[in-house]
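Inspection log for the structure reproduced underneath, given as structure tokens.
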């Protein structure tokens, strides 16, 4: 059976410990929301796929008047996870940003629309920082559910640190630029546009030469 990337994300979390579907969904929102948000949709269908294929087990239990199901990875599931990790990625990195789409087509709107989008980037980056602070504090306290993988998670946090820093820098740089604009028309903006393109061209060459 061919598994989706979401299935492997679930197997990776089940490899840490057994979870109920509710617990795992909550944990995914906390840990995967900003770099793999599609894992949050269709989780229950993925559980059925994993249990029917023998990669996870489902055990029902009662808690008061409610019944909950706890999922546990099997040896077959661990083998599938290990095999997936040994394969090349279909695409290691891809940006999925409605905000950038709005920047791309900003010429059809107003400069106020563009300013709002830049502000929203900053607001979401700060929200991401607050979430990162919560996770980092849990690791430092030795209480995170993935504590055993702290040496691996710090690689991810390093990416997050650089990523959020880049978003904030871009947002502030864009806000400063748009403060000098009265509209989104090209007239009067040619010189600075050329300057920034030339700066980027030099940086591209420098990065490619490293």
- Item | One residue from 135, 164, 145, 154 being out of contact with any strand residue (DSSP E or B) (no Cβ under 8 Å at 6 or more places or on another chain) and either assigned by TED's automatic domain parsing to the domain that holds residue 35 or not in a helix (DSSP H, G or I) (or both) | 145
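Yes/no per residue for (1) part of a helix (DSSP H, G or I); (2) surrounded by 14 or more Cβ atoms within 10 Å (Cβ to Cβ); (3) at pLDDT below 90:
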{"residue": "2", "(1), (2), (3)": "no, no, yes"}
{"residue": "6", "(1), (2), (3)": "yes, yes, yes"}
{"residue": "10", "(1), (2), (3)": "yes, yes, no"}
{"residue": "60", "(1), (2), (3)": "no, no, yes"}
{"residue": "71", "(1), (2), (3)": "no, yes, no"}
- Looking only at the range 97-113, which residues are surrounded by 10 or more Cβ atoms within 10 Å (Cβ to Cβ) and within 18 Å of the chain's Cα centre (by Cα)? 97, 99, 100, 101
- Over the range 16-58, the set of residues more than 20 Å from the chain's Cα centre (by Cα) and in a loop (DSSP other than H, G, I, E, B) is 17, 18, 53, 54, 55
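For every residue, the table says whether it meets (1) farther than 28 Å from residue 36 by Cβ; (2) surrounded by 14 or more Cβ atoms within 10 Å (Cβ to Cβ); (3) out of contact with any helix residue (DSSP H, G or I) (no Cβ under 8 Å at 6 or more places or on another chain).
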site: 118; (1), (2), (3): no, yes, no
site: 127; (1), (2), (3): no, no, yes
site: 164; (1), (2), (3): no, yes, no
site: 178; (1), (2), (3): yes, yes, no
site: 188; (1), (2), (3): yes, no, yes
- Note on the structure: From the option list 90, 79, 83, single residue qualifying as modelled with pLDDT under 95, within 26 Å of the chain's Cα centre (by Cα) and either exposed (fewer than 14 other Cβ atoms within 10 Å of the Cβ) or closer than 28 Å to residue 131 by Cβ (or both) is 90
- Message: Considering only the range 102-110, I want to know if a residue exists there that is modelled with pLDDT of 85 or more, over 30 Å from residue 180 (Cα atoms), out of contact with any helix residue (DSSP H, G or I) (no Cβ under 9 Å at 6 or more places or on another chain) and not in a helix (DSSP H, G or I).
- Response: no
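The values are calculated or read from the model by the stated rules, or taken from the named source; none is laboratory data. Note that the structure is a prediction, hence the values are computed from the model and not measured. Note: ideal-geometry Cβ built from the backbone for every residue, glycine included; neighbour counts use all protein chains shown.
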